Amino acid sequence: MIPRTVYLDMDGVITDFSGGVMKYFGLTRLGHTPDEIKQWNWFADFDLDEKAVSEFLSTSREFWASLDWTPEGRVLFSVLYQMYGADLKILTTPWRNNEACKGGKLDWVNKNIPRMADSVVFSFDKSKLAVPWSILIDDCEETVDKFRAAGGIGILVPRTWNTGGKRV
Ligand SMILES: [Mg+2]
């Protein structure tokens, strides 16, 4: 059997980061939905002050800890866990390498998927973990491309903000 590690992203894959930001900044009250997000850096499209958003995301551990699952997040996680067990890892980039974000993400995992508590990897360059038998499941096109270029298997989760989403 080929040894294989599967890395599963959090934001935009199993956690609804965009929906959380929209909710907090009142965009959902104005009738906006995450389906309207068409690019990776979307804050300006909704007249959000990126500095204010960034400041909030850097200081609110509770925000990260209380994000909702994406609609398919639970099923995706369950299937992958059944298939890969201990070879499944959570791989996530903390916002601005911030302690509140890191702590909140760990809180989220502890609350929602406690069996993964010891399997969370923080990284700013996911491609460093790319080897021929590693798989990355992620919604950021650039990250997936880089992981593939480094020799790993990259799977792009289709979202409205990437080309996978434009194909479906
Ligand atoms: Mg992501």
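Could you tell me whether any residue of the stretch 122-129 is touching a Phe, Trp or Tyr at 6+ places or on another chain (Cβ under 8 Å), more than 14 Å from the ligand (Cβ to nearest atom) and at pLDDT 95 or above? Quick ask: steps written out before the conclusion?
Of the residues in the stretch 122-129, the ones touching a Phe, Trp or Tyr at 6+ places or on another chain (Cβ under 8 Å) are 126-127, 129.
Those still in the list that are more than 14 Å from the ligand (Cβ to nearest atom) too: 127, 129.
Now restrict to residues that are at pLDDT 95 or above: 127, 129.
The answer is yes, given that some residue of the stretch 122-129 is touching a Phe, Trp or Tyr at 6+ places or on another chain (Cβ under 8 Å), more than 14 Å from the ligand (Cβ to nearest atom) and at pLDDT 95 or above.
Residues that are of a type in the set (Phe, Trp, Tyr): find the helices (runs of 4 or more DSSP H) completely inside the stretch 73-168 holding 1 or more of those.
Numbers: elements: 73-84, 99-112, 141-149, 163-167.
Helices (runs of 4 or more DSSP H) meeting the threshold: 73-84, 99-112, 141-149.
Only one of (1) hydroxyl-bearing (Ser, Thr, Tyr); (2) touching a residue at least 60 places away in the same chain (Cβ under 8 Å); (3) part of a helix (DSSP H, G or I) fails for residue 58. Which number is that?
(2)
Can you find a residue that is aromatic (Phe, Trp, Tyr) and either closer than 23 Å to residue 72 by Cα or surrounded by 21 or more Cβ atoms within 10 Å (Cβ to Cβ) (or both) anywhere in the stretch 137-156?
Taking the stretch 137-156 first, the residues aromatic (Phe, Trp, Tyr) are 147.
Pick out the ones that are also either closer than 23 Å to residue 72 by Cα or surrounded by 21 or more Cβ atoms within 10 Å (Cβ to Cβ) (or both) and you get 147.
So far as the stretch 137-156 goes, yes, one or more of its residues are aromatic (Phe, Trp, Tyr) and either closer than 23 Å to residue 72 by Cα or surrounded by 21 or more Cβ atoms within 10 Å (Cβ to Cβ) (or both).
Name the residues in the stretch 10-39 that are of a type in the set (D, E, K, R), in contact with a strand residue (DSSP E or B) (Cβ under 8 Å, 6 or more places away or on another chain) and not in a loop (DSSP other than H, G, I, E, B), would you?
Of all residues in the stretch 10-39, those of a type in the set (D, E, K, R) come to 11, 16, 23, 29, 35-36, 38.
Subsequent filtering for residues that are in contact with a strand residue (DSSP E or B) (Cβ under 8 Å, 6 or more places away or on another chain) retains 11, 16.
The one that is of a type in the set (D, E, K, R), in contact with a strand residue (DSSP E or B) (Cβ under 8 Å, 6 or more places away or on another chain) and not in a loop (DSSP other than H, G, I, E, B): 11.
Go through 35, 68 for me and flag whichever is surrounded by fewer than 19 Cβ atoms within 10 Å (Cβ to Cβ) and either within 28 Å of residue 151 (Cα to Cα) or more than 16 Å from the ligand (Cβ to nearest atom) (or both). Explain how you work it out, then say what you get.
Working: 68 fails: either within 28 Å of residue 151 (Cα to Cα) or more than 16 Å from the ligand (Cβ to nearest atom) (or both).
Criteria check complete, one pass: 35.
May I ask you to list the residues in the stretch 5-17 that are within 16 Å of the ligand (Cβ to nearest atom) and touching a residue at least 60 places away in the same chain (Cβ under 8 Å)?
Going residue by residue through the stretch 5-17, those that are within 16 Å of the ligand (Cβ to nearest atom) are 6-17.
Of everything in the stretch 5-17, those that are within 16 Å of the ligand (Cβ to nearest atom) and touching a residue at least 60 places away in the same chain (Cβ under 8 Å) turn out to be 6, 7, 8, 9, 10, 11, 12, 13, 14, 15.
When the stretch 40-55 is examined, which residues are found to be in a loop (DSSP other than H, G, I, E, B) and under 14 Å from residue 17 (Cα atoms)? Don't jump to the end; show me each part of the working.
At the first step, the residues of the stretch 40-55 found to be in a loop (DSSP other than H, G, I, E, B) are 40-42, 47-49.
Listed by number, the residues that qualify are 40, 41, 42.
With the checklist (1) away from the ligand (no atom under 15 Å from the Cβ); (2) at pLDDT 95 or above in hand, flag the one item residue 30 doesn't pass.
Result: residue 30 passes all but (2).
Looking only at the stretch 130-168, count how many residues are at pLDDT below 95, within 13 Å of the ligand (Cβ to nearest atom) and among the polar types (S, T, N, Q).
Residues meeting the conditions: 1.
The values are calculated or read from the model by the stated rules, or taken from the named source; none is laboratory data. Quick caveat: nothing in here was measured; it's all calculated off a predicted structure. As a convention, Cβ positions derive from the backbone with ideal geometry for all residues, glycine included, and neighbour counts pool all protein chains shown.
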